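Contents: one structure, followed by commentary.
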């Protein structure tokens, strides 16, 4: 029951933050970031690479297979399965939501004055909401924190910096990043709940 309440609170908080950002901050923040020093943007380009999901998914699947079939360590195998499922399931949901929402990226605001949603559009220009990089960073931070709680603070700081890099590069609006982060956290919690219900051990205690 406590986990369910926590999920509801997190959902409400992230929903309010996402809507508030869309209504009041997205445009002004995007326009501000557009004028930032190129050096800052170069740094952001390096940081944003940590939000690419491909290598995390590949690595976690390989490690799951290794610990399941070669080293035969059930605990480690379950952990890497949990991480890979969290990244894959959340990533699939994010990409479906991007297509449904069809939100214009900031570049469309700068070049054509387009802001908002054009539902069921395919293409880079209409794939702003939510941020996939933020989803990956926060999914990974949540998953590892659930396994190793003492790593939580630095991991979420890194995830937050990855999200900020997407805004600095004007690849996404603030609301896209907030939504991606919220979805990453909530879906990972839901998958952890599924593992708990199936009594699949993920921690040593």
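Every read-out reported here was derived from the displayed coordinates using simple, explicitly stated rules and does not represent laboratory data. What you are looking at is a predicted structure, and each value in this text was computed from that prediction instead of being measured. All Cβ positions, even for glycine, are placed from backbone atoms using ideal geometry, and neighbour counts span all protein chains on display.
How would the stretch 2-85 be classified by its alpha-carbon gyration tensor: rounded, prolate or oblate, with rounded meaning a/c under 1.5 and the a/b versus b/c comparison settling the rest? It comes out oblate by the Cα gyration axes. Exposure proxy ranking for 88, 33, based on other Cβ atoms within 10 angstrom of each Cβ and starting from the fewest, stands as 88, 33.
If you average the alpha carbon positions of the stretch 116-191 and of the stretch 4-33, how far apart do those two centres end up, in angstrom? The stretch 116-191 and the stretch 4-33 have Cα centres spaced 12 Å from each other. Between residue 15 and residue 100, the FRET efficiency from the beta-carbon distance, with R0 = 22 Å, is close to 0.85.
Could you calculate the contour length gain from residue 89 to residue 117, that is, 0.36 nm times the residue separation minus the distance between their Cα atoms, to one decimal place in nm?
On the way: separation 28, 0.36 × 28 = 10.08 nm, distance 2.40 nm.
My answer for the length gained is 7.7 nm.
At a Förster radius of 35 Å, what calculated FRET efficiency corresponds to the Cβ-Cβ distance of residue 40 and residue 5, to the nearest 0.05? About 0.30, to the nearest 0.05. Peptide packing for 75-82, 165-172 was compared via the average number of neighbouring C-beta atoms within 10 Å per residue; ordered from the highest value, the list is 165-172, 75-82.
For the chain, the Kirkwood hydrodynamic radius from C-alpha pairs, put into Stokes-Einstein at 20 °C and a viscosity of 1.002 mPa s, yields a diffusion coefficient of 121 µm² per second. Each peptide in 184-196, 5-17 receives the mean, over its residues, of other Cβ atoms within 10 Å, and ordering these scores from highest gives 184-196, 5-17.
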